[in-house]
Amino acid sequence: MFTPKEARRFWAKVDTSGNCWIWIGSKDAAGYGFFYFQEKNQRAHRAVYFGLGRKLSNGQKVLHSCDNPSCVRPDHLFAGTAFDNMKDAAAKGRLYQQNQYAERAKQIILACLETVIPRLQ
Ligand SMILES: [Zn+2]
């Protein structure tokens, strides 16, 4: 749990003006915030999850329902497995790019078959 001092330090680095509450402190390249808590640098969305006394079971991660790595709004965070994260991503179309790639590969294969099959007949 956050101490009152940690909570003040945490929320001073959050912009709560939008729907997502954005971490405005230091972030990594992917947009995840960092917050020093429990004697280590943690991702900010994990820090707030634990800071509010929530817990994870084995194999669970803190996931974003809003898909925004910089968001630390507690009700946008939920516990789930890596598999849950994939399902969630697929449901929201985050895997669309990979699907597009698969679709392109399929088109290339079909185009090849179209040129090969007439020669086999
Ligand atoms: Zn959010």
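Throughout, read-outs are computed from the coordinates displayed, never taken from laboratory work. All values derive from a computational prediction rather than experimental measurement. FYI the Cβ positions are ideal-geometry reconstructions off the backbone, even for glycines, and counts take in every protein chain you see.
Quick look at the numbers
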| item | result |
| --- | --- |
| Among the listed pairs 55/87; 27/106; 40/92, those beyond 29 Å (Cα-Cα) | 27/106; 40/92 |
| √(5λ) per eigenvalue of the Cα gyration tensor, the chain, largest first, Å | 44, 15, 11 |
| GNM flexibility winner over the chain from 43, 104, 73 (Cα, springs under 10 Å) | 104 |
| Highest-MSF residue in the chain out of 85, 68, 58 [GNM, Cα springs under 10 Å] | 58 |
| Per-peptide average of other Cβ atoms within 10 Å, ordering 10-18, 45-53 highest first | 45-53, 10-18 |
| 3J(HN,Hα) from dihedral phi, the stretch 51-63, Karplus parametrisation 6.51/-1.76/1.60, rounded to Hz, x for glycine, proline | x, 8, x, 7, 10, 10, 8, 3, x, 8, 10, 8, 10 |
| Förster-model FRET efficiency, 41 Å R0, residue 91 and residue 5, C-beta, rounded to 0.05 | 0.55 |
| The stretch 28-43 - phi-based ³J(HN,Hα) in whole Hz, Karplus 6.51/-1.76/1.60, Gly and Pro as x | 8, 4, 7, x, 6, x, 10, 9, 7, 7, 6, 6, 8, 6, 10, 5 |
| Estimated dipole of the stretch 8-53 in Debye, rounded to 20 [Cβ of Lys and Arg +1, of Asp and Glu -1, Cα centre] | 100 |
| Under 5 Å, built H, 5+ apart or other chain: amide partners of residue 32 | none |
| Within the chain, helix-based [θ] at 222 nm, where runs of 4 or more DSSP H residues each add -39,500 (n - 2.57), nearest 500 | -13500 deg cm²/dmol |
| Amide H partners (placed H, <5 Å) of residue 42, local residues excluded | 35, 36, 37 |
| Contour excess over end-to-end distance, with Cα ends at residue 81 and residue 107 and 0.36 nm allotted per residue | 6.0 nm |
| Lys/Arg +1, Asp/Glu -1 at C-beta; the chain dipole; positive extreme among 107, 89, 56 | 56 |
| Net lengthening on full extension, residue 65/residue 52 (0.36 nm per residue, minus Cα-Cα) | 2.9 nm |
| Which of 39, 6 has the fewest Cβ neighbours within 10 Å, and the rest in rising order | 39, 6 |
| Cys residues of the chain counted as unpaired, since no other Cys beta-carbon is under 4.7 Å | 66, 112 |
